[in-house]
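For reference, the structure discussed in these notes is given below.
The values are calculated or read from the model by the stated rules, or taken from the named source; none is laboratory data. Bear in mind the structure is a predicted one, so any value in this text is a computation, not a measurement. Positions of Cβ are generated from backbone atoms using ideal geometry, with glycine treated the same way; all protein chains shown enter the neighbour counts.
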Amino acid sequence: MPRALLFGAGSLGVPYAWVLSRAIGESNVTAVCRSNFDEASRNGFTVHSKLWGNDLKYKPRIAKTTAEAVQQIASDAQPFFDYVVVAAKALPSYPPITELIGPAVTAGKTSIVLLQNGIGIEDEYAERYPENPILSTVAYFPATQVSPGVVQHREIEMLHVGTYPASAPAAHKDAARNFVDLIKQGGASATLHDDVQRERWGKLLVNGPWNPVCALTRSRDRQFIDSKKPDHRNGEDALGFIRDVMLEVAAVARACGYEDVDEKLVDFQINRARVRDLPGVQPSMLADVLEGRSMEADAIVGNAVRIAKEKGVPVPMLRTIYLLANGLSESFSRDKVPS
Ligand SMILES: NC(=O)C1=CN([C@@H]2O[C@H](COP(=O)(O)OP(=O)(O)OC[C@H]3O[C@@H](n4cnc5c(N)ncnc54)[C@H](OP(=O)(O)O)[C@@H]3O)[C@@H](O)[C@H]2O)C=CC1
Ligand SMILES: CC(C)(CO)C(=O)C(=O)O
């Protein structure tokens, strides 16, 4: 049976590790936990899902570090991990996540699965682990850890999976296919892509504007839409602004060769939020702001602004919300430094 290690046991990681535990058994899943270590060690995890059902409980192995996780399986018949699933936020840290997962990555054997939003996040893993399959994924899965080890999920579940880079060798392509099969065996939806970057850009249409705007306004998506409906006095409307930012992201995607990230896809993505019931979805960056935590400003917005600059695509609105979101995120770290 394959073995999987979860690094980042939070809103997204906990439900996907539940899916993996259904496919390979909870004893073959290990979760590295930080703030929810005590709770997870005592009671395991619980997922409440509008799609999969409430009170879904499971108890994988729990470790404080990847080194401890490796130690726990050292005397087993298969003493290595087939998958290291990274579902921590894509934030700069010291030491970096690429290094923290090191003890659990066996050269040529372990697939590193990036369960993270954003664009341009894979390079550091591909550089550090050139012999390992890097599986880049895009999750449509609105979820929030509501108390330690307990996650609430609503509305939609779909995982898009592909190798990084798209031109990876055949063995890496096989690893991506096997991972998709596991997710499906666990009862969730997954789609394999030859080039998953197109899906990353398609999702960035959503996260690029919604995550920072919801964080900056402390509003869920539908709440922000309702904050300013089209108005005869000044003609401004909140949803129209989001659409304009999405069009900037789409222009960058097209400059990278993804021609079908177009106005039609923008309208599809914008409609998903428009038809939601109040209060709407809480993007992960809003969850961070409400907890006073750093936000993925670079992974989700800054990298797109940088790529736009390289390609000569003007993105004035995206640049503005990037600088504001980055400033807000930095303020949380500043607050933590004793004066
Ligand atoms: N939430 C959502 O609805 C969705 C999120 N995403 C993306 O998924 C990724 C994960 O987001 P999300 O699940 O919301 O984030 P969360 O903050 O809910 O979870 C991240 C987890 O990673 C843990 N972690 C971070 N650093 C370390 C470390 N050094 N050692 C051990 N554990 C660590 C955190 O622990 P601690 O609690 O101690 O900080 C936390 O449990 C992000 O890229 C996000 O953009 C994508 C789609 C939907
Ligand atoms: C917007 C959402 C919830 C979509 O799944 C997401 O990706 C996030 O919270 O970062």
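So here's what we get for this one:
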item	result
Of all residues making up segment 1-21, the number that are within 16 Å of ligand 2 (Cβ to nearest atom) and not in a helix (DSSP H, G or I)	4
Residue list for segment 126-159, restricted to those being within 24 Å of S35 (Cβ to Cβ) and either within 16 Å of ligand 2 (Cβ to nearest atom) or part of a helix (DSSP H, G or I) (or both)	T137, A139, F141, P142, A143, T144, Q145, V146, V151, Q152, H153, R154
Residue in segment 261-269 that is under 20 Å from S136 (Cα atoms) and outside any helix (DSSP H, G or I) present	yes
Residues (surrounded by fewer than 23 Cβ atoms within 10 Å (Cβ to Cβ) and more than 14 Å from F7 (Cβ to Cβ)) located in segment 36-49	D38, E39, S41, R42, N43, G44, T46, H48, S49
First in segment 39-56 and without any contact (Cβ under 8 Å) to a residue 12 or more places away in the chain, second anywhere and surrounded by 13 or more Cβ atoms within 10 Å (Cβ to Cβ), Cβ under 8 Å, 6 or more apart	N54/H48; D55/T46; D55/H48
P133, sole failed condition from (1) surrounded by 21 or more Cβ atoms within 10 Å (Cβ to Cβ); (2) over 13 Å from the mean Cα position of the chain (by Cα); (3) within 12 Å of ligand 1 (Cβ to nearest atom); (4) not hydrophobic (A, V, I, L, M, F, W, C)	(3)
Failed condition for L290, given (1) of a type outside the set (D, E); (2) over 17 Å from the mean Cα position of the chain (by Cα); (3) more than 15 Å from ligand 2 (Cβ to nearest atom); (4) modelled with pLDDT of 95 or more	(3)
Residue within segment 52-71 that is modelled with pLDDT of 95 or more and within 16 Å of ligand 2 (Cβ to nearest atom) present	yes
Near pairs, Cβ below 6 angstrom, 6+ apart or cross-chain, from segment 72-101 (under 20 Å from Y16 (Cβ atoms) and basic (K, R)) to any residue that is assigned to a loop (DSSP other than H, G, I, E, B) and within 16 Å of ligand 2 (Cβ to nearest atom)	K89/E296
Hey, S93 over 21 Å from the mean Cα position of the chain (by Cα), in a loop (DSSP other than H, G, I, E, B) and hydroxyl-bearing (S, T, Y) or not	no
Residue among L182, L204, L216 that alone is of a type in the set (A, V, I, L, M), within 14 Å of ligand 2 (Cβ to nearest atom) and either in contact with a helix residue (DSSP H, G or I) (Cβ under 9 Å, 6 or more places away or on another chain) or not in a helix (DSSP H, G or I) (or both)	L204
Test: residue in segment 22-38 that is of a type in the set (G, A, S), within 16 Å of ligand 2 (Cβ to nearest atom) and farther than 16 Å from G186 by Cα	no
Residue in segment 225-250 that is nearest to ligand 1 (Cβ to nearest atom), counting only those that are without any contact (Cβ under 8 Å) to a residue 40 or more places away in the chain and not in a loop (DSSP other than H, G, I, E, B)	I242
Members of segment 272-288 that are in contact with a helix residue (DSSP H, G or I) (Cβ under 8 Å, 6 or more places away or on another chain) and either among the β-branched types (V, I, T) or outside any loop (DSSP other than H, G, I, E, B) (or both)	R272, A273, R274, V281, S284, M285, L286, D288
Strands (runs of 3 or more DSSP E) fully within segment 29-90 counting 2 or more residues that are touching an Asp or Glu at 6+ places or on another chain (Cβ under 7 Å), within 25 Å of M158 (Cα to Cα) and not basic (K, R)	45-49
